[in-house]
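Single-structure report; data block below.
What follows is calculated from the coordinates using simple rules that are stated; it is not laboratory data. These numbers were taken from a predicted model, which means no experiment stands behind them. Cβ coordinates were reconstructed from backbone atoms using ideal geometry, including for glycine residues, and neighbour counts include every protein chain displayed.
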Amino acid sequence: MDIKQGDIYMVDIPLSQTVGSEQQKRRPYVVMSRLSVNKLGKNVVGIPLSHVINKANQHRILIPAKEIIKDATSNFPFVNSVALTDQVRVLDISRLELPRIGYLSTTATIAVQLGLAFLFDIR
């Protein structure tokens, strides 16, 4: 299975596996690690998506629904979303619920990359 940057999967993070304000529950995650890294092992780097758009700011990236391409087999109701880059998480690929539900447009993927660069102060 080739997991690509920008792919979106449902991921369930139980409350028992979180502390404080860490994101939990079943929600869409966008994979942000690159394909060559994803092919190396059993982990990917993911960013949770939220439908609460007032969370958007300089590093929490607003993603319009039109920038999310839904897979034909998916019935997930994509809406305007926010990529919570400050909640970046390493995910074992077994957490990714198959099949993939969609993927970000190139423009949205770049926007999330820029949000991560801002968060980590990468120039």
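Computed quantities for the displayed model
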read-out	value
Test for residue 24: is it in contact (Cβ under 8 Å) with a residue 40 or more places away in the chain and either in contact with a helix residue (DSSP H, G or I) (Cβ under 7 Å, 6 or more places away or on another chain) or on the phi > 0 side of the Ramachandran plot (or both)	no
Any hit, region 38-49, residues being hydrophobic (A, V, I, L, M, F, W, C) and over 23 Å from residue 114 (Cβ atoms)	yes
Residue satisfying all of: in region 81-99; surrounded by 14 or more Cβ atoms within 10 Å (Cβ to Cβ) and among the acidic types (Asp, Glu); farthest from residue 53 (Cα to Cα) among these	97
Conditions (1) over 26 Å from residue 1 (Cα atoms); (2) assigned to a strand (DSSP E or B); (3) free of Cβ contacts under 8 Å to residues at least 24 places away in the same chain; number of the one not met by residue 121	(2)
Verdict on residue 45 being touching a residue at least 12 places away in the same chain (Cβ under 8 Å), surrounded by 17 or more Cβ atoms within 10 Å (Cβ to Cβ) and in contact with a Gly (Cβ under 6 Å, 6 or more places away or on another chain)	no
Residue among 12, 71 that is in contact with a Pro (Cβ under 7 Å, 6 or more places away or on another chain) and surrounded by fewer than 17 Cβ atoms within 10 Å (Cβ to Cβ)	71
